[in-house]
Amino acid sequence: DVKVTQSSRYLVKRTGEKVFLECVQDMDHENMFWYRQDPGLGLRLIYFSYDVKMKEKGDIPEGYSVSREKKERFSLILESASTNQTSMYLCASSRGQPQETQYFGPGTRLLVL
Amino acid sequence: AQRVTQPEKLLSVFKGAPVELKCNYSYSGSPELFWYVQYSRQRLQLLLRHISRESIKGFTADLNKGETSFHLKKPFAQEEDSAMYYCALSGYLTGGGNKLTFGTGTQLKVEL
């Protein structure tokens, strides 16, 4: 069974704080993704990575950065958290081909005060 | 650019009634299409993908390239089908890797 884990289920941070969200997968997948999920907007891709140390901007990268130093781990960084980054953050991983299934983590609900 | 449109935010049906969740897409190449589902308090998971041509939990979806649609159907809705459903499209990127674009989702509510 593929397992994607995220470091926290719930986080509360203050405006201006630096926030780290960690994601780990155990199936040796090439691709890893960070999305945010908001009511009425669906899932929007923030960043993705198709190899170690590779990263590509998704549809809404502003205010975020990522790091992939090891194949199994993909970190999302909010350099200076703002209230409009309050959201549910989902991590996913998949093999390299477009027809492959993406496997999702349980999500991190972030509240920025 | 790739885009997925789900026109209905909420679809409410009675148990035993047919269900159709609509999905239209825009993509210049040959798309890979998926339906993902999120049940209450569970993680998002794959329901089905068009390349497999299989029926999962009684759901089917046919890719219609002429109408650029991938509607999800089930002949008889069950209470346990109540969930959020997302249509998604995947395609190769010029720089490498592939990207999944999701629609905004349709909340299906099956009433008794």
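The values are calculated or read from the model by the stated rules, or taken from the named source; none is laboratory data. What you see is a predicted model; the values in this text were computed from it and never measured. FYI the Cβ positions are ideal-geometry reconstructions off the backbone, even for glycines, and counts take in every protein chain you see. Surface accessibility is based on the protein's heavy atoms, side chains included, excluding ligands, DNA and RNA. Shrake-Rupley method; radii C 1.70, N 1.55, O 1.52, S 1.80 Å.
Numbers for the structure displayed
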quantity: Whole-percent carbon and sulfur share, accessible surface of the range B:3-111, 1.4 Å; calculated: 48 percent
quantity: Accessible area of chain A belonging to carbon and sulfur atoms, whole % at 1.4 Å probe; calculated: 48 percent
quantity: Per-residue HN-Hα couplings for the range B:27-40 [Karplus 6.51, -1.76, 1.60; θ = phi - 60°; Hz; x = Gly/Pro]; calculated: 7, 7, x, 9, x, 9, 10, 9, 10, 10, 10, 10, 7, 4
quantity: Tensor-based shape of the protein assembly as shown (alpha-carbon gyration tensor, a/c under 1.5 rounded, otherwise prolate or oblate); calculated: prolate
quantity: Stretch in chain B that is longest and holds no trypsin sites (Lys or Arg not before Pro) that DSSP places in a loop and that have at most 14 other beta carbons within 10 Å; calculated: B:66-112
quantity: Neighbourhood charge, 15 Å Cβ-Cβ cut-off, centred on A:Glu56 and excluding it, Lys, Arg +1 and Asp, Glu -1; calculated: +2
quantity: Chains A and B, summed buried accessible surface - 1.4 Å probe, Å², nearest 100; calculated: 2000 Å²
quantity: Cut-off 14 Å between beta-carbons: net charge of the residues surrounding A:Arg109, Lys and Arg +1, Asp and Glu -1; calculated: +4
quantity: Under DSSP loop assignment and at most 16 Cβ neighbours within 10 Å, longest chymotrypsin sites (Phe, Trp or Tyr not before Pro)-free interval of chain B; calculated: B:1-38
quantity: Local net charge near B:Ser28, Cβ-Cβ under 13 Å (Lys/Arg +1, Asp/Glu -1); calculated: +2
quantity: DSSP beta bridge pairing in chain A, given as percent antiparallel to the nearest 5; calculated: 90 percent
quantity: Average silhouette area of chain A, convex hull of alpha-carbon atoms, in square nanometres; calculated: 6.6 nm²
quantity: Cross-link pairs beyond the 25 Å C-alpha cut-off, checked among B:Lys73/B:Lys109; A:Lys18/B:Lys99; B:Lys15/B:Lys99; calculated: A:Lys18/B:Lys99; B:Lys15/B:Lys99
quantity: Long-range HN-HN contacts of B:Leu47 with modeled amide H, under 5 Å; calculated: B:Trp35, B:Tyr36, B:Val37
quantity: Shape category assigned to chain B from the gyration tensor of Cα positions, a/c cut at 1.5; calculated: prolate
quantity: Net lengthening on full extension, B:Ser55/B:Ala17 (0.36 nm per residue, minus Cα-Cα); calculated: 11.9 nm
